[in-house]
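Down below is the structure, laid out as structure tokens.
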Amino acid sequence: AARHLTAVPESQGFQFIYVPCRHRMTIKAMRQILRTLRIDNSRILDVHFPDRQVAALLIHNDYAPLLMEILEKEGIKVKKEFDPLDPSILWDKKLADLSDEERFEKVQELHHNNLLKALQFIRAPVKFAIARNFYKNSWITAEELTLNLPTYKTNDD
């Protein structure tokens, strides 16, 4: 109860941690690997694969230091330099003829779709905070934010 009466911490928010993976795998397989590494899967809010041999783990900012410590102890180097908006991650040969601007737009579209898909599967109270964070980072639109926030009925309804 006291938590509701305290100031919002500066670390409030969410981030993606990008880790290497050797081959394509299911999200279930990735979560099993994380469990084997003694990483609390309930703290990993979303897993997706933005590029070949890269897994994106969505976590709360407060969990980042502990996750980094576990990964480091296991010899897993976080891909700090990975950019999900880098057009070089487009490997589809059908997209090879696109201009640089079109490639950038396509990679933005793919990133955006990954974020919207994540919001579909994240449970309710956390989903609202994540949607607000995505909006704050300009990753989703105001309309998409509204669609992902709770709707309250008023007495007038």
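The values are calculated or read from the model by the stated rules, or taken from the named source; none is laboratory data. Only a predicted model underlies this, so the values are computations on that prediction, with no experimental measurement involved. Neighbour counts are summed over all protein chains in view; Cβ atoms, including those assigned to glycine, are modelled from backbone coordinates with ideal geometry. Only protein heavy atoms, including side chains, enter the accessible area calculation; ligands, DNA and RNA are left aside. Shrake-Rupley method; radii C 1.70, N 1.55, O 1.52, S 1.80 Å.
When you go through LYS127, LYS80 one by one, which is the residue that is at pLDDT 90 or above, among the charged types (D, E, K, R) and more than 24 Å from ARG52 (Cβ to Cβ)?
Values: LYS80 fails: more than 24 Å from ARG52 (Cβ to Cβ).
Answer to the check: LYS127.
Entry remark, the range 130-157: residues being part of a loop (DSSP other than H, G, I, E, B) and either at pLDDT 90 or above or surrounded by fewer than 17 Cβ atoms within 10 Å (Cβ to Cβ) (or both) number 14 in total.
Note on the range 32-81: residues that are within 13 Å of the chain's Cα centre (by Cα) and part of a loop (DSSP other than H, G, I, E, B) total 2. Contact annotation: residue pairs with Cβ atoms under 7 Å, 6 or more positions apart or on different chains, pairing a residue in the range 109-129 that is within 14 Å of ILE59 (Cα to Cα) with a partner that is open to solvent by 70 Å² or more (accessible area, probe 1.4 Å) and outside any helix (DSSP H, G or I), are LEU115/TRP139.
Within the range 52-62, does at least one residue satisfy the condition of being open to solvent by 60 Å² or more (accessible area, probe 1.4 Å), modelled with pLDDT under 95 and over 25 Å from LYS28 (Cβ atoms)? Walk me through how you get there before you give the answer.
Filtering the range 52-62 down to residues open to solvent by 60 Å² or more (accessible area, probe 1.4 Å) leaves 52-53, 62.
In the following step, the residues that additionally are modelled with pLDDT under 95 were identified as 52-53, 62.
Now drop any that are not over 25 Å from LYS28 (Cβ atoms), which leaves 62.
Checked against the condition, which is being open to solvent by 60 Å² or more (accessible area, probe 1.4 Å), modelled with pLDDT under 95 and over 25 Å from LYS28 (Cβ atoms), the range 52-62 yields at least one hit.
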